1. In this structure, is T78 at pLDDT below 95, under 12 Å from the mean Cα position of the chain (by Cα) and loosely packed, with under 14 Cβ neighbours inside 10 Å?
2. Considering the range 12-27 alone, what residues qualify as being among the aliphatic types (A, V, I, L, M) and either touching a helix residue (DSSP H, G or I) at 6+ places or on another chain (Cβ under 6 Å) or closer than 18 Å to K71 by Cβ (or both)?
3. Considering only the range 27-39, state which residues are surrounded by 21 or more Cβ atoms within 10 Å (Cβ to Cβ) and under 9 Å from the mean Cα position of the chain (by Cα).
4. Looking only at helices (runs of 4 or more DSSP H) that fall completely inside the range 7-60, which ones have 3 or more residues that are in contact (Cβ under 8 Å) with a residue 40 or more places away in the chain?
Amino acid sequence: MRARALVAYNVRRIRVERGIPQEQLAYDAGVDRSYMSGLERQQANPTIDLLDRLAETLGVAVSELFVRPSKGAPPPATLPKGRKPNAAHRKRT
C-alpha cells in the first residue's frame with residue numbers, strides 16, 4: 001500500500017472508530033469538507049502540516065496515520081449518512 005493510500009485508510013478508520021463525521025473532522029482540522037473527502041478517497045495529497053493537524057484532531061500520533069492494515073483487513077466502515085444528528089441526539093435549548 002502506498003503512503004497516500006495508508007493515510008487515507010487510517011484517517012477514515014480512526015475517524016469512524018471515534019464516531020466523528022467527515023465534516024466535523026474537516027472543520028476541526030481547518031480544511032474544507034470536500035478536501036477531506038478527497039483525502040479519504042486518495043485524491044488529495046496532504047502536507048506534513050495537515051497530517052500534524054489531523055493527528056492532533058484525532059488524538060493520535062502522526063505515525064498512526066501510516067500503520068499498515070493486517071492482511072485481509074476489511075475496509076474502514078462508514079458512519080450513517082446525513083450531516084445532522086437525529087432529533088434524539090440534538091441538544092435542546
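1. yes
2. Residues satisfying the conditions are I14, L25, A26.
3. M36, L39 - these are the residues of the range 27-39 that are surrounded by 21 or more Cβ atoms within 10 Å (Cβ to Cβ) and under 9 Å from the mean Cα position of the chain (by Cα).
4. 48-58
The values are calculated or read from the model by the stated rules, or taken from the named source; none is laboratory data. This is a predicted model, so every value here is computed, not measured. Quick reminder, even Gly has a Cβ in these numbers, built from the backbone with ideal geometry, and neighbours come from all protein chains shown.
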